[in-house]
Amino acid sequence: MISTWDELVTAALLGTERRTPPTRPRPGQDAAAALLDAAALRTVQRRAGLLPVAARELPEAAPEDPRPSLPPAARRRLELLLADRAGPGGGAGRRGSAPDLLELLPQWLAAANGHGYRAPAALLPALLDAARARSDLRPQALVLAGPRALWLARLNPQWKYALRGGPAPAPGTRPSDVGAVQRVWQEGLFSERVALLSSVRRHDPAGARELLATTWPRERAEDRLMFLDSLREELSLADEPFLEQALSDRSRNVRATAAELLSALPGSALAARMAERARSCVGLDRTGADAPRIAVEAPHECDGGMQRDGIVAKPPSGRGERSWWLSQLVEATPLDTWCERFGVTGAAEAVALPVADGWQPDLHAAWCRAAVRQRDGEWSRALLGPATSPPAPEGSSWRDPAKLLSALPPAERAEWVAEFIATHGLSEAFRLLGVCAVPWAEPLGRAVVDALDIARDAGSYPWSFSGVMGLAERCLDPAEADRLEVLTALPDDPEDGTGAPGAVGYWAEAFQRLVGTLRLRATMRAELAG
């Protein structure tokens, strides 16, 4: 009996009791066994008759990566970190005393890139998989992976994210090599062109701007936006003519970004136009019997000139038009304008002036954004106020301490946050800690540990502070490990029965993890140093 493969499959799927197999059983053999024998025979026939396909063309060779390889111990550490990424991560619950390797991977990648190493070729697939799963890893992972990551990404669609953007390196391209720069700029992938433009910008700001100008009219709107964003670095008044032209771009997003960049240049013509408009809306009223106060008359319309300069006419839902226009005008106005306008000597004096008719939240919120955009430390300091002042109430949008802190020098930032934590504890500190330089300065680290110690003595559970504890593991100076060893001891539960049940033991476990993580970070540093 001759049977076809499809007939055998149909009988197998339906079962030999419902469909008689197209086979003839041997004496003593049941129908199911005969079906399997026939399937095995047909399988061999199919394989024997399979025609070989034409050989595919081999891919081009991977590019060379001349950077030094990792020291052996660091290579093994990377292997462990990548292997651990699939394990259970952290969270708000109990985490045990073992360091969380998954959270240390970003720091390890940054440190390895600081040494200028290249990733081992055998670990590139795991590294690209890790970066695919966690977008926050991509910038540092792609730098470590180097040009071979792009080569691999062209062969595997799962890694195509590496070709889309980010700081991917431009293989073999030096900013001083004019021919290579032009070749990559004209023919490279988008990620290579972005990386090239950023690299040239750091070494030759004018050269990067001229390079961008050569292809600007032909670029897509979304690409023009990304390229324009590259000009934030080393931004100067020399960029003003190019940015002024971009104010007439076809894309609204490109126009808005160009206006934002120009407003970050206090000496630009756009900043002067904004200052003139803002002066007509905000002034000092000295007519009352009380102390002078700021009077506000918001714009009554958003004309074409304002829109060309980046003012968005339509407000977001729930926001009044006039306050929306005023906010944008003040945000784009050079902050020096206000000291002259109010006749005061500094930012602190201007911020302390009373504001009439309930305009203070709008005015101060715009000043906050202007201080961050213009990186003005004096105004940021004045708007922040002393760290001992009560935190802004929940829902208060006119002051964002974390953003204002970002405009201050790192040492002053750490000092302000340390004083804030010493006064107010950790409940409002998470975002503030996120803008402090790593490793934390000694006073800041001490303030955080003291606050955690106070929380333990108060009887709270450690996972109520899991966010801050996680930051401490990653941001405290590893040299602090020996000093913190005393916190890992397991004290007796309070005799008066105060505190959460078992909290003492959980805190000891959390501090053991903190000390263990700090020591592991110190070991990783030594491994990378070779």
Task: Selected residue (criterion: least open to solvent (accessible area, probe 1.4 Å)) from residues of the stretch 284-304 that are of a type in the set (Gly, Ala, Ser) and farther than 13 Å from residue 255 by Cβ - done: 298
TODO: Would you check which residues across the stretch 364-376 are on the phi < 0 side of the Ramachandran plot and either buried (at least 22 other Cβ atoms within 10 Å of the Cβ) or not in a helix (DSSP H, G or I) (or both) and list them?
DONE: 366, 367, 368, 370, 371, 374, 376
- [ ] Return yes when residue 136 is at pLDDT 85 or above and of a type in the set (D, E, K, R) and no when it is not.
- [x] yes
Open item on the list: Given the options 224, 220, 252, name the one that is open to solvent by less than 40 Å² (accessible area, probe 1.4 Å), within 30 Å of the chain's Cα centre (by Cα) and of a type in the set (Lys, Arg).
Closed with: 224
Open item on the list: Which count do you get for residues in the stretch 224-259 that are among the basic types (Lys, Arg) and not in a helix (DSSP H, G or I)?
Closed with: 1
TODO: For the stretch 240-252, state whether one or more residues are under 24 Å from residue 191 (Cβ atoms) and among the polar types (S, T, N, Q).
DONE: yes
Task: Enumeration of residues in the stretch 284-332 that are β-branched (Val, Ile, Thr) and assigned to a strand (DSSP E or B) - done: 294, 296
TODO: Could you name every one of the helices (runs of 4 or more DSSP H) located completely within the stretch 440-530 that has at least 3 residues being at pLDDT 90 or above?
DONE: 442-457, 466-475, 503-529
Open item on the list: Can you report the number of residues in the stretch 455-467 which are buried (at least 19 other Cβ atoms within 10 Å of the Cβ) and closer than 28 Å to residue 412 by Cα?
Closed with: 2
- [ ] State the number of residues belonging to the stretch 415-454 that are among the small types (Gly, Ala, Ser), within 19 Å of residue 521 (Cβ to Cβ) and open to solvent by 10 Å² or more (accessible area, probe 1.4 Å).
- [x] 3
- [ ] Scan the stretch 164-192 for residues that are modelled with pLDDT of 80 or more and open to solvent by 30 Å² or more (accessible area, probe 1.4 Å) and jot them down.
- [x] 182, 183, 186, 187, 190
Open item on the list: Take the conditions among the small types (Gly, Ala, Ser), at pLDDT below 90 and open to solvent by less than 100 Å² (accessible area, probe 1.4 Å) and apply them to residue 69. Does it pass?
Closed with: no
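The values are calculated or read from the model by the stated rules, or taken from the named source; none is laboratory data. Please read these numbers as outputs of a predicted model, since none were measured by experiment. Ideal geometry is used to build each Cβ from the backbone, glycine not excepted, and the neighbour counts take in all protein chains shown. Keep in mind that these areas ignore ligands, DNA and RNA; they rest on the heavy atoms of the full protein, side chains included. Shrake-Rupley method; radii C 1.70, N 1.55, O 1.52, S 1.80 Å.
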